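Note sheet for the following structure.
The values are calculated or read from the model by the stated rules, or taken from the named source; none is laboratory data. These numbers were taken from a predicted model, which means no experiment stands behind them. A quick note on method: Cβ atoms are made from the backbone with ideal geometry, for glycine too, and the neighbour counts reach across all protein chains shown. Side chains are part of the model used for accessible areas, which takes the heavy atoms of the whole protein and leaves out ligands, DNA and RNA. Shrake-Rupley method; radii C 1.70, N 1.55, O 1.52, S 1.80 Å.
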Amino acid sequence: MLELIGRRALGLVPVIVAASIITFVMLSLLPGDSVIADLPPDFTQEQLDARRAELGLDDPLHIRYVDWITGAVQGDLGRSAITNERVSQLITERFPVTLQIMLMTMVLALLFSIPLGVFTAYRAGSYFDRAVSAITFGLLSIPNFVLALLLIILVAVELGWLPATGWTRFTDDPVGSLRSGLLPALTLAVAIVAVLTRLLRTDMISTLQDDHVVLAKSKGLPTSQILFRHALRPSSFSLMTVLGLQMAALLSGVVVIEEIFALPGLGRRLFAAVNQRDFMVVQGLVLLLAVIYVLVNFIVDMLYSFLDPRIRHGYARSNQ
């Protein structure tokens, strides 16, 4: 198992390097110059050239990439051309906010989607199943920013149950932090719940027809044991795959949601950096998000091996 993890982990290196090259080259090709924003309105060409030389922007593209990626490996992602803030320090301060929102979103998504997917599969064709299918179709059609505004109006403004904007750090007030993150997490979780529920329902309906489930029914085992012990596990592989892929949608959704709810996370800072053409910050944050995405899918891949012994045994046989 450890050998399998080691080999798969080594395979991540070229993926991350490729993501860093693509990110760096694409941002370098964009028009505009962030250095101008850091100069006075009546700047001279000499000032512009001096500032560009100071930041190393006059060097060839490949030299700039090597300098940047070498620093990134050592934890130095450069400085913002606008605020002179270290990108690594910026990430340290803002990443916990984004991470908490993502974790709360995933927890909410699994809490709702697994029972709904299991029960609608067990009662396939019933009124409840049809109602859930119709609701999930409807939820999938609502954009995140529209749902965010609806929740703010209903839950925060009209009912006053949760704060509409702002953030409380978990270390300062755990309950207040969960309250401030609940609406953003719920906004992001709704679409994921719809996707996972429909996917799990389809897989569970197929699994419930398998011989081992029919045998479990013939033994008179309780329904809950049949559903959650004998049917849910073999039906969870597709669920995990899509859950990993949903991370990409979640990472992009965080950018918009943090801006709407005024959360001091990476997404909001990335949004501001794009508007300011602060390419060094954009490069660092995009690379971080790419690494997170790759690592999440790596973890999902490893969970396959943990849940399905056939994958481990197949890997062992291929190396004999």
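Of the residues in the range 261-291, how many are within 18 Å of the chain's Cα centre (by Cα) and buried (at least 19 other Cβ atoms within 10 Å of the Cβ)? Counting residues in the range 261-291 that are within 18 Å of the chain's Cα centre (by Cα) and buried (at least 19 other Cβ atoms within 10 Å of the Cβ) gives 17. Scanning the range 84-110 for residues that are over 19 Å from LEU263 (Cβ atoms) and open to solvent by 40 Å² or more (accessible area, probe 1.4 Å) yields ASN84, ARG86, LEU110.
Is it the case that some residue within the range 230-253 is more than 25 Å from the chain's Cα centre (by Cα), modelled with pLDDT under 85, open to solvent by less than 60 Å² (accessible area, probe 1.4 Å) and farther than 30 Å from LEU266 by Cβ? Checked against the condition, which is being more than 25 Å from the chain's Cα centre (by Cα), modelled with pLDDT under 85, open to solvent by less than 60 Å² (accessible area, probe 1.4 Å) and farther than 30 Å from LEU266 by Cβ, the range 230-253 yields at least one hit. Of all residue pairs spaced 6 or more apart or on separate chains, those with beta-carbon atoms under 7 Å, a first member in the range 105-122 that is in contact (Cβ under 8 Å) with a residue 12 or more places away in the chain and in a helix (DSSP H, G or I) and a second member that is open to solvent by 40 Å² or more (accessible area, probe 1.4 Å) and of a type in the set (Lys, Arg) are GLY117/ARG201; THR120/ARG201; ALA121/ARG201. Look at the range 62-83: where a residue is within 13 Å of VAL282 (Cα to Cα) and open to solvent by less than 70 Å² (accessible area, probe 1.4 Å) and a partner is basic (Lys, Arg) and part of a helix (DSSP H, G or I), sitting 6+ places away or on another chain with Cβ atoms under 9 Å, you get ALA81/ARG51.
Would the range 48-70 turn up any residue that is small (Gly, Ala, Ser) and modelled with pLDDT of 85 or more? Step through it out loud before you land on a result.
Initial filter on the range 48-70 (small (Gly, Ala, Ser)): 50, 53, 56.
Filter once more, so that each one left must be modelled with pLDDT of 85 or more: none.
Checking the range 48-70: not a single residue is small (Gly, Ala, Ser) and modelled with pLDDT of 85 or more.
Listed by first and then second residue, the pairs with beta-carbon distance under 7 Å, at least 6 apart or on different chains, first residue in the range 165-186 and within 19 Å of PHE145 (Cβ to Cβ) and open to solvent by 100 Å² or more (accessible area, probe 1.4 Å), second assigned to a loop (DSSP other than H, G, I, E, B) and of a type in the set (Phe, Trp, Tyr), form an empty list.
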